[in-house]
Amino acid sequence: MVQFQEVTKQSALHPKPAGLVLQYGTAGFRTNAKLLDHIMFRMGLLATLRSKKTKATIGVMVTASHNPEEDNGVKLVDPMGEMVTPTWEVYATQLANAEQDDLLASLKDIIEKESINMSQEANVFVGKDTRSSSVSLSKAVLDGVSALAGHSKDFGLVTTPQLHYMVCCQNTQGEYGEATVEGYYTKLSQAFIQLTKNASNCTDDQKHLSVDGANGIGALKVREMESHLKKELHISLFNDGSTGKLNHQCGADFVKVQQKPPTDMKMNSGERCCSFDGDADRIVYYYTDSEGRFHLLDGDKVATLISTFLKELLTQAGLDLEMAVVQTAYANGSSTNYLEDTMKVTVRCTKTGVKHLHHAAQEFDIGVYFEANGHGTVLFSKAAEEKIQRLAEDSSVANERKRAALLLRSTIPVINQTVGDAISDMLLIEAILAIKGMTIQQWDAIYSDLPNRQLKVKVADRRVIDTADAERRAVSPKGLQEAIDSLVRKYREARSFVRPSGTEDVVRVYAEAETQESADSLAHEVSLAVYRLAGGVGGEPEPLH
C-alpha cells in the first residue's frame, strides 16, 4: 500500500534508539525530550488510526506538565475531550516500543485488531506547551499524521485543557463551544461575568488575585484572556515566563510538595494567591497569615468549596440529583469526614490517576473530582443539565428555587468538563467566593487538614508492589501491609498507604496523623518497611528530623 511506503520513508527520519522501552502511563509518555522524536512520530500515526476508527477528531498534546524543562511528553485526547481509552494506551506502548524494522508489522496489527477502514478520513488536532523541545516534537507528530494521509490542525501554543476543549467542540459540531482559543476565552469569560453578577458589592480588593503561572503556557494564556474578563477579576501575574525556568521553584506541584510559596512571588498577608502547573491543568490556592505562616488550599479544599456551593443550590432549587465527590487515597482524611458527616455528600474513593476519577464521576448526575494535587473538574450528566435548564425556564417556580436554578445554569458553562483546567477552575472558585462573600481564610476554615507527609522510596522494581481497595491496601510483597498496620496503630488519627509510581521505579508513601511530628515519623517508618520488604536501592531512608 502506498501509505505504508510513506510511513517507512518518514519513520527513517524519526528513528527509534535500539532497546529503548517506554510505557504509556497515566499522563501519556514522559521522559527527557531527546528520547522522544520517534515516539511523537508514532503517536501521530496512532492518532490518525484512532481518528479513522472513531470517525472523529483526535487530539495530540505535546507537554510534560509539571516535569522539569528538559523533559517533554505526549498524550492523546479522545473524541469527547477525555483521555484516550485503556485499550489504545496498550497500542500506544506497543507502537512506541516496536523496533524500527517491526514498525509496519505493529501498525498493521492494530489496524487488523480494530478492523480499521484505512480509506476513512482522519482529523487530528495538535497542541504544544512552551518548552523549546516542543517545536520539533510537535512537528514529528504532524509528520506521523501526514504519513498516513490524515488531516491535521496545528493549534501551536495552547494549554492542555484548551486542546481537550477544542477536540470536544469539534466533535459536538460546536454544541460545546467554538473550536478555537478565542472561542474558549469567550465562553468561559462570558459565563464567569454572568455568574458573578450574583455577587453583591464586590470591592476591587475582593476582585484581586495573584497568579503564579509556573513560567509556562498558563501564564501566556491568562494574559491573553485578561481583556475578556472586563475588570471583573484583577490578576497580578508572577512567573510569567519572561525570566524564570518552567516549573523551577514555582508552579502547583512545587507549592503542594514543598508547602511554601513559589520563588519570585510578592505576597501580602491574607492575600488570595494561586499557582498553575506547567500545562495549566492543575491549580492550588494559598495565603500567608498575619504571623507569616503559609496556608495551602489544595485539591481537597477546592472540591469541598465547589461541592458545598453546588449542594446548597441543589437543596434550594429542590432538585433531586445525585451528587458525589470522587477522591483518591491521597485525599486528606479531614476532607472526607467533613463531606460525609457534615455536608452529607456521597464520597467515592478510586485509584490515583485522573482517568479513574473522571470515569467514576460519570456515574453520578453531578460528579466533582479533584486530586489533592489540584487536578480536577465537575461533570454534569446530560439529564442533570436538562433538569436544571427546565427549572430555570419554568415561570411557575417560586423565587428562591428559581434563583438557585438560574445560578446552577450559569455555573455549568464556567466549567471545562472535558478535563481538569486551571483557568476554568480559577474562574469557578473566584465566582463562588464572590457569591458567598467568603474570604480565603473563611474558606480555609471549613475544616482543618490532618498533618501529612509524602515520601518516595527508590526500589529495584516497582512492580513488586501490588495494591487493592483503591490503592489503600498493599497486597504484595508479603508482610508489608501488616507492617504498615502495626505502625499506624502507634499514632492517633493516623493512616498510611503505599503505591508504586506510574512513571519511575519508586514507591510513594503517604502518611497522616494528629500532629506533623507524628505524620513525619510514621512516613519515615513506613518508608523503612518498604525499603526492607520491597527491594529498596541506595541507602536506607533517613529520618526527616
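The values are calculated or read from the model by the stated rules, or taken from the named source; none is laboratory data. It should be emphasised that the depicted structure is a prediction, and the values quoted were computed from it without experimental measurement. Cβ: placed from backbone, ideal geometry, glycine included. Neighbour counts: every protein chain shown. In case anyone asks, the SASA skips ligands and DNA or RNA and just uses the protein heavy atoms, side chains included. Shrake-Rupley method; radii C 1.70, N 1.55, O 1.52, S 1.80 Å.
Across segment 34-101, the mean sequence separation of Cα contacts (distance under 8 Å, 6 or more residues apart), normalised by length, yields a relative contact order of 30 percent. Per residue, segment 192-300 exposes 43 Å² of accessible surface when a 1.4 Å probe is rolled over the protein heavy atoms with every protein chain present.
The charge dipole of segment 452-517, taken about its Cα centre with unit charges on the Cβ of Lys, Arg, Asp and Glu (plus for the first two, minus for the last two), comes to roughly 80 debye.
If you filter segment 303-373 for GluC sites (Glu not before Pro), then keep DSSP loop positions with at most 14 other Cβ within 10 Å, what is left? Write down the numbers at each step before the final one.
Working: sites: 312, 322, 340, 363, 371; in loops: 322, 363, 371.
Sites meeting the loop and neighbour criteria: 322, 363.
In segment 1-131, taking the dipole from charged Cβ atoms about the Cα centre, the farthest positive-side position among 88, 15, 51 is held by 51.
Figure note: 119, 518 ranked by solvent-accessible area, largest first, 1.4 Å probe, ligands and nucleic acids not counted: 119, 518. Spatially, segment 31-62 and segment 63-116 are offset by 6 Å when compared through their Cα centroids.
Using just its DSSP H runs of length 4 or more, each adding -39500 (n - 2.57), the chain gives a mean residue ellipticity at 222 nm of -12000 deg cm²/dmol after division by all residues. Dipole magnitude for the chain: about 440 debye, using +1 per Lys or Arg Cβ and -1 per Asp or Glu Cβ, origin at the Cα centre. Accessible area per residue (1.4 Å probe, heavy atoms of protein chains only) ranks 164, 359 as 359, 164, with the largest value leading.
If you stretched the chain out fully between residue 80 and residue 112, how much longer would it get, using 0.36 nm times the residue separation minus the C-alpha to C-alpha distance?
Details: separation 32, 0.36 × 32 = 11.52 nm, distance 2.45 nm.
That works out to 9.1 nm of additional length.
Accessible area per residue for segment 1-134, computed on protein heavy atoms with a 1.4 Å probe, is 39 Å².
The Rg/Rh ratio of the chain, with Rg taken over Cα atoms and Rh as the Kirkwood radius over Cα pairs, comes to 0.97. Ligands, DNA and RNA excluded, the heavy atoms of residue 393 present near 110 Å² of accessible surface to a 1.4 Å solvent probe.
Could you work out the relative contact order of segment 406-545, using alpha carbon pairs under 8 angstrom and six or more residues apart, expressed as a whole percent? List each step's numbers first, then the result.
Numbers: 213 pairs, mean separation 34.6, N = 140.
That works out to 25 percent.
The share of accessible area on the chain that comes from carbon and sulfur is 48 percent, using a 1.4 angstrom probe.
Once the gyration tensor of the Cα atoms in segment 215-296 is diagonalised, the equivalent ellipsoid follows with semi-axes of 20, 16, 11 Å, ordered largest first. Residue 473 sits with roughly 100 Å² accessible to a 1.4 Å probe, with DNA, RNA and ligands left out of the calculation. For segment 220-278 and segment 155-185, what is the separation of their C-alpha centers, rounded to whole Å? If we compute the Cα centre of each part, the gap is 23 Å.
Ordered by solvent-accessible area of protein heavy atoms (1.4 Å probe), largest first, the residues 238, 497 come out as 238, 497.
Over the chain, what is the relative contact order in whole percent, taking alpha-carbon pairs under 8 Å and six or more residues apart?
Details: 1148 pairs, mean separation 62.3, N = 545.
That works out to 11 percent.
Once the Cβ-Cβ distance of residue 493 and residue 201 is raised to the sixth power relative to R0 = 51 Å, the FRET efficiency obtained is 0.80. Note on segment 70-194: Rg/Rh from C-alpha atoms, Kirkwood Rh, equals 1.00.
Averaged per residue, what accessible area in Å² does segment 330-415 show with a 1.4 Å probe, protein chains only? Don't skip to the answer; put the middle values down first.
Details: 3600 Å² over 86 residues.
Per residue, segment 330-415 has 42 Å² of solvent-accessible surface.
Loop-located trypsin sites (Lys or Arg not before Pro) in segment 258-304 (DSSP state other than H, G, I, E, B) with a sparse environment of at most 15 neighbouring Cβ atoms within 10 Å: 266, 293.
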